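Just so you know, all these numbers are worked out from the coordinates, no wet-lab data involved. Just so you know, these numbers come straight off a predicted model, no measurement behind them. Cβ atoms come from the backbone with ideal geometry, glycine included; neighbour counts cover every protein chain shown.
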Amino acid sequence: MKLKKYDKNPILKPIGDSWESLCVLNPAVLYDEESKRFKMLYRAAGQDATHHIYLGLAESEDGFTFERKSPSPVLSPDLNGADGGCVEDPRLVKMGDYYYLTYASRTFAPGQYWREDCGYFGFQPQEGPTMLINNNSVTHLAISRDLKEWKKLGRITDSRLDDRDVYIFPERVAGRFVRLSRPMEWCGKGFENENPAIWIAYSDDLMEWGKPSLLMQGKEWWEDAKIGGSTPPVKCKYGWLLLYHGVAKKDGAYRVGAVILDEKDPSRILARTKDFVMEPEFSFETDGYYNGCVFPTGIAVKDGVMYVYYGAADKFVCVATAPFEEFVESVYREGKL
């Protein structure tokens, strides 16, 4: 079953001459039962050549029309800190009274990476921390009560690896927290997976994690270059439903698949789509800073409808929907292992 794209996409565009004037993309979204509103944290950047990346806040009553709630970013890089270049690609879950945010970061700003004249805006010692030398992605964790005031807790992935597409489950499973990630270097010789894949790990406190194990790797043509986790999991009748992205060698495009994991043992895959459920089609998805990209990072279920929020061509925020139970049945029926 394919996701149905909203006919008025994009739902969020760059504006003004500000910290969000160049691009807005890859949003984390939750539906808040108390306020009866959809709440979104979105990645944004302005026209600066350094391309520092921030997070903004927006809200909606209907899941389609969002109003910006932050004239300034709600989360910014700490220029003197480990996330000094960017805070990007947020994933959001709520446990109890607190929101937990995972975000990708770099020590130095990445520059406008799609440009041939993209610069490097840091220093590179010949030895020392890998993340300093390579400016690779490291994933951090932050916590908030209101999505506006945040406490950064530090990194939760190995700083020697380029590891993003990281998120945690919205509750403990068998007494432990669960994390999915995509370490770029863990593939090829010495690994079961030839290309970058999705790994699973467990923790007692969200900060210190056990050794990851391989969860899933690309199998189909549309995911034969790499795969990575997209949306945090949501409970369904069969277990945990989550969306993931796959990149194809033949065209470099980002497409979307779905998987159902066992509720009590999320290392066990119950069903997985063989065909993609969404791909780049429209000009706002095929013509931007990464041409040919639909990249889901937020998911919410309200009144039986599943809302999937995604970045389009690294430039816009869009949304697609599906009847939740029908979608789950489709994934399970067609992809049951």
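For His52, His245, the sequence from fewest to most other C-beta atoms within 10 Å is His52, His245. If you take the Cα centroid of region 212-264 and the Cα centroid of region 11-67, the two points sit 24 Å apart.
Label separation (Ser18 vs Leu206): 2.9 nm, computed from points 7 Å beyond Cα along the C-beta direction. A simple count of charges around Lys94, restricted to other residues whose Cβ falls under 11 Å of its Cβ and scoring Lys, Arg +1 and Asp, Glu -1, yields -3. On the basis of the beta-carbon distance and an R0 of 25 Å, Lys148 and Ala49 show a calculated FRET efficiency of 0.30. Taking 7 Å steps out from each Cα toward its Cβ at Lys249 and Glu33 produces label points 4.7 nm apart. Full extension of the chain between Lys336 and Trp114 yields a length gain of 76.1 nm, computed as 0.36 nm times the residue separation minus the alpha carbon distance.
Counting beta carbons within 10 Å around each of Leu215, Leu153, Leu79 and listing the fewest first gives the order Leu79, Leu153, Leu215.
Pairs exceeding 24 Å between alpha-carbon atoms, taken from Lys8/Lys302; Lys211/Lys250; Lys4/Lys274: Lys211/Lys250. Dividing the summed -39500 (n - 2.57) terms of all DSSP H runs of n ≥ 4 by the residue count of the chain sets its mean residue ellipticity at 222 nm at -1500 deg cm²/dmol. Between Asn80 and Asp262, the distance separating the two model label sites (each 7 Å from Cα on the Cα→Cβ line) works out to 5.0 nm.
Which of the residue pairs Lys2/Lys36; Lys94/Lys189; Lys5/Lys152; Lys2/Lys219 have a Cα-Cα distance greater than 31 Å in the structure shown? Exceeds cut-off: Lys94/Lys189; Lys5/Lys152.
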